[in-house]
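Please read the structure below before turning to the comments.
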Amino acid sequence: MKSNLERVLREKKFAVTAELGPPRGADPDNVREKARILKPYVDAANVTDNQSAVVYMCSLAASVLMIEEGLEPVFQITCRDRNRLALQSDLLGASALGIRNVLLLTGDHPSIGDHPEAKGVFDLDSQQLIQLTKKMREEGKLLNDRELTKSPDFFIGAAASPFNEPLEAHMMQMEKKVESGVDFFQTQIVYDLEKFKKWVSEVHERRIDEKAFIIAGVAPIKSLGMANYMKNYVPGVSVPDAVIKRLEKASDKKKEGIKICLEVIDEVKKIKGISGIHIMAIGWEEAVPEIVESAGLFPRPAFKE
Amino acid sequence: MIVAEIKPLEEIKEMVKDKKGVLLVGCNTCTAVCFSSGKRELELLQTQLDLSLENPKPAFWQVIVRRACEPEMVTEISDYTREVEAILCLSCGIGVQTLSDIFPKKQVFPALNTSFLGRPEKLGFWQEVCVACGDCILHLTGGICPLSRCAKGLLNGPCGGSHEGKCEVSPDIPCAWEEIFTRLKEKNQLNMIRKTKEPRKVIRKPRYLLREDIFEDEK
């Protein structure tokens, strides 16, 4: 059966996804509570996998807790912490547990995380993982060609990097991902609209948007510190000085952060080739309902079985 | 070449402090070229140990072998080892193991940390450029090795952490994939990396190399 996210996109509705960061702890209620906040406002929510190479509850478990709350997960899985055996078995397990969307990532390097001495596995990379997942889905086979008793059923996602230079090298990565079997992309966070529009026109020219859905990443900025951190330390995020200046001036930083986010969404909605937004408000999940409502994206589409 | 650096003095002192006689063995090949195991380094290390160890301290001797990794060359220094209790080996880890095998009754200590397979970029600056993976793809990547020079060892292009030529791991580290991209573009060979390369097929287990054409089994 198709995932809710896939149905929303295929019926050409403007999709809304959000991000749910699992806790640093064994507390299921933390996930359940965030899921309850997000559920009415999004079509699916990404569950991050030890994001930024920092240890949290595993994304598979958190995805299942979300399903129990009635929120559809986009299960994120990276090549950093698993070799090809673990990747394949986790994907099979995920499908068996009812997960229908996956976001396949290479993963941040361990040295930027909270266990910098950890060995990064990187036995496969995201390109190879996409090929492999598609092979399991379409051919019912493992990497080594052994037959599966049942194929996993996934809507396959990958990351896109609109702000990384050189543009041509990263565009080539995107084309390779499409060729490998990606159904949808979620982009890095957009603040720099000018650069983003330039990127989308390049994507459009290469007809990538005809072969895969593109969901633009957005995120409300909570504080000036966060803005500066994102500008300087988060790989692939570009925060224009104008945004920093606006936050400097604002008396209510949170309010201004949401306002900036809504302006970005407004612009992104108008761009041809963009099929939805992905709201990355990790640690600030409560902001998502307000953003979705104010952006005129509520209520979300509902499908009869 | 194999690049190595001398361990911190305190660590070396801990190894040798209770020994009566210690032979410092240098190696005159790779690690000598990177200023870690030649005559000068042996002299310096012995002086430092002499000055900093408390009495009773070991007596020191020195000898340099041409290649500490080769059993035949290591056997040549047997005479030097007779009187000593321990050997302090200034060579890569291969040399330390060869000495340990040839002189099983001696304690053999590593005085160096073996860093990587690399090359000198400037005086006093070396870079890792090969991981001895056993399946060279340099002809496909513009002569730049992504396994050693990309932090993640990726085979299929830059990750999302690559930006303006730098790696997400550190602004001091160039993105190998951007270097590969730029070089192939200059050569009009981007086709080399347009197709996704399959997962690597090298099996990671202790490796041996047997060349039938020159191998002589002593029976």
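The values are calculated or read from the model by the stated rules, or taken from the named source; none is laboratory data. Here the structure is a predicted model, which means the values were calculated and not measured. Every residue, glycine among them, receives a Cβ derived from its backbone with ideal geometry; neighbour counts consider all protein chains shown.
A:Asp125 passes every criterion in (1) more than 13 Å from every other protein chain (Cβ to nearest Cβ); (2) of a type in the set (Asp, Glu); (3) in contact (Cβ under 8 Å) with a residue 40 or more places away in the chain apart from (1). Contact map, the range B:44-67: first residue within 26 Å of B:Ile94 (Cα to Cα), second residue of a type in the set (Lys, Arg) and crowded, with 17+ Cβ neighbours inside 10 Å, Cβ cut-off under 8 Å, separation 6 or more or different chains; pairs are B:Leu49/B:Lys57; B:Pro58/B:Lys19. Scanning the range A:258-305 for residues that are more than 17 Å from A:Pro162 (Cβ to Cβ), at pLDDT 95 or above and not hydrophobic (A, V, I, L, M, F, W, C) gives A:Lys259, A:Glu263, A:Asp266, A:Pro289, A:Glu290, A:Glu293, A:Ser294, A:Gly296, A:Pro299, A:Arg300, A:Pro301.
A count restricted to the range A:154-190 and to residues that are part of a helix (DSSP H, G or I) and either more than 7 Å from every other protein chain (Cβ to nearest Cβ) or more than 20 Å from A:Asn101 (Cβ to Cβ) (or both) stands at 13. Among the residues of the range B:61-73, at least one is within 19 Å of the chain's Cα centre (by Cα) and either within 30 Å of B:Ile144 (Cβ to Cβ) or not assigned by TED's automatic domain parsing to the domain that holds B:Lys7 (or both). What residue, among those in the range B:147-171 that are out of contact with any strand residue (DSSP E or B) (no Cβ under 8 Å at 6 or more places or on another chain) and among the charged types (D, E, K, R), is farthest from A:Leu104 (Cα to Cα)? My answer is B:Glu164.
When residues in the range B:144-162 are screened for being more than 21 Å from the chain's Cα centre (by Cα) and of a type outside the set (Ser, Thr, Tyr), 8 of them pass.
Screening A:Gly225, A:Gly283, A:Gly257, A:Gly296 for residues that are buried (at least 19 other Cβ atoms within 10 Å of the Cβ), within 24 Å of A:Lys34 (Cβ to Cβ) and out of contact with any strand residue (DSSP E or B) (no Cβ under 6 Å at 6 or more places or on another chain) leaves exactly one candidate, A:Gly257.
Quick check on my filter: what residues within the range A:32-55 are not hydrophobic (A, V, I, L, M, F, W, C) and not in a helix (DSSP H, G or I)?
If we filter the range A:32-55 for residues that are not hydrophobic (A, V, I, L, M, F, W, C), which is where we start, we get A:32-34, A:36, A:39-41, A:43, A:46, A:48-52.
Hits for the range A:32-55 are A:Asp43, A:Asn46, A:Thr48, A:Asp49, A:Asn50.
Summed over the range B:88-135, residues that are over 14 Å from the mean Cα position of the chain (by Cα) and either over 28 Å from B:Ile173 (Cβ atoms) or among the aromatic types (Phe, Trp, Tyr) (or both) total 14. Specify the residue that is surrounded by the most Cβ atoms within 10 Å (Cβ to Cβ); the eligible residues are those in the range B:178-201 that are at the interface with chain A (Cβ under 7 Å from one of its Cβ atoms) and under 30 Å from A:Met230 (Cβ atoms). By that ranking, first place goes to B:Phe181.
Would you point out which residue out of B:Leu155, B:Leu140 is within 13 Å of another protein chain (Cβ to nearest Cβ) and surrounded by 15 or more Cβ atoms within 10 Å (Cβ to Cβ)?
Working: B:Leu140 fails: within 13 Å of another protein chain (Cβ to nearest Cβ).
From the options B:Leu155, B:Leu140, the qualifying one is B:Leu155.
A single entry from B:Pro120, B:Pro199 fulfils the requirement of being part of a loop (DSSP other than H, G, I, E, B) and either modelled with pLDDT of 95 or more or closer than 22 Å to B:Gly38 by Cβ (or both): B:Pro199. Hey, can you tell me all the residues within the range A:139-149 that are farther than 25 Å from B:Thr141 by Cβ and either in contact (Cβ under 8 Å) with a residue 40 or more places away in the chain or at the interface with chain B (Cβ under 8 Å from one of its Cβ atoms) (or both)? Listed by number, the residues that qualify are A:Leu142, A:Leu148. For the range A:109-163, a tally of residues being closer than 25 Å to A:Ile274 by Cβ and of a type in the set (D, E, K, R) returns 1.
Checked against the criteria, A:Gly98 does not count as in contact (Cβ under 8 Å) with a residue 12 or more places away in the chain, at the interface with another protein chain (Cβ under 10 Å from one of its Cβ atoms) and either within 19 Å of B:Asn156 (Cα to Cα) or of a type outside the set (S, T, N, Q) (or both).
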